[in-house]
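Encoded as structure tokens, the structure appears first; notes follow it.
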Amino acid sequence: MKHALRNKIKERIAGLSREEKRRLSDEILSSIERLPEFKKAKNILLFWSLPDEVFTHDFLEKWHKQKCLLLPAVSGDELELRYYEGDEKLQAGAFGIREPQGKPFTEWDKIDMTLVPGVAFDCNQNRLGRGKGYYDRLLPKISGTKIGVCFPCQSVESVPCREWDVKMDFTVKK
Ligand code: ADP
Ligand code: MG
């Protein structure tokens, strides 16, 4: 079930041009900037986007001097969190995703907001990831608002979910 939905959504994303993904990403991240939760937030966990995800690189560069921005780094089966201090400080990690170096941030209760990537989200705030469960293991440890971030074509009626799947507080898709 999850597998088939992942493939279906991946095909939909593949149908978006680079320009379209950039335009949608700008809209989505502008919506996030307007949220009261974002305005208030000090420590924000984001993700370094892959080509099929909402493009976060410019947003990280734009905000990292005003807010404390964190990125995940794969450490075995877990995600460590580290400060984003500019893209020149990033290095490819376990899945080829660029990650900050430096010491881990472990003040889980100080995180005000997390932008969570995903393959699909539904209207009950369920999330489908890439199938490795990293965010399902990370999110129960951290506080703050959990916001699913996706392109409109990743929003589906229902995501199959299991007892370990962590729900979002809400999603932003445009
Ligand atoms: P994703 O959320 O990335 O789409 P799944 O929800 O399918 O992936 O989870 C992938 C695997 O991760 C599952 O087989 C599950 O056993 C494991 N997993 C998820 N959450 C936890 C957890 N909190 N503790 C241990 N294993 C987990
Ligand atoms: Mg899951």
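The values are calculated or read from the model by the stated rules, or taken from the named source; none is laboratory data. No experiment lies behind these values; they were computed from the predicted model shown. The protein model used for the area step is the full one, side chains on, heavy atoms only, and it has no ligands, DNA or RNA in it. Shrake-Rupley method; radii C 1.70, N 1.55, O 1.52, S 1.80 Å.
Note on Glu157 and Asn124: the extension gain reaches 11.0 nm, defined as 0.36 nm multiplied by sequence separation minus the Cα-Cα distance.
Of the accessible area of region 2-172, with the probe set at 1.4 angstrom, what percent is carbon plus sulfur?
Values: 4310 of 8720 Å².
The nonpolar share, carbon plus sulfur, comes to 49 percent.
With a/c under 1.5 counting as rounded, go ahead and sort region 2-172 into rounded, prolate or oblate using the C-alpha gyration tensor (a ≥ b ≥ c being the square roots of the eigenvalues; past the cut-off, prolate if a/b is larger than b/c, else oblate). Mind dumping the intermediate values first?
Working: a/c = 1.37, a/b = 1.24, b/c = 1.10.
Because its axes are fairly even, with a/c under 1.5, region 2-172 counts as rounded.
With protein chains left intact and a 1.4 Å probe, residues in the chain average 52 Å² of accessible area per residue. Only Cα pairs under 8 Å and 6+ residues apart enter the sum, and on that basis the relative contact order of the chain stands at 23 percent. Our estimate of slack between Gln66 and Lys89, defined as 0.36 nm per intervening residue step minus the Cα-Cα distance, is 6.5 nm. Taking every DSSP beta bridge that has both ends in region 45-174, the antiparallel portion is near 50%.
Under 19 Å of direct C-alpha separation, and excluding same-chain neighbours fewer than eight residues apart, Lys167 reaches these lysines: Lys2, Lys132, Lys141, Lys146.
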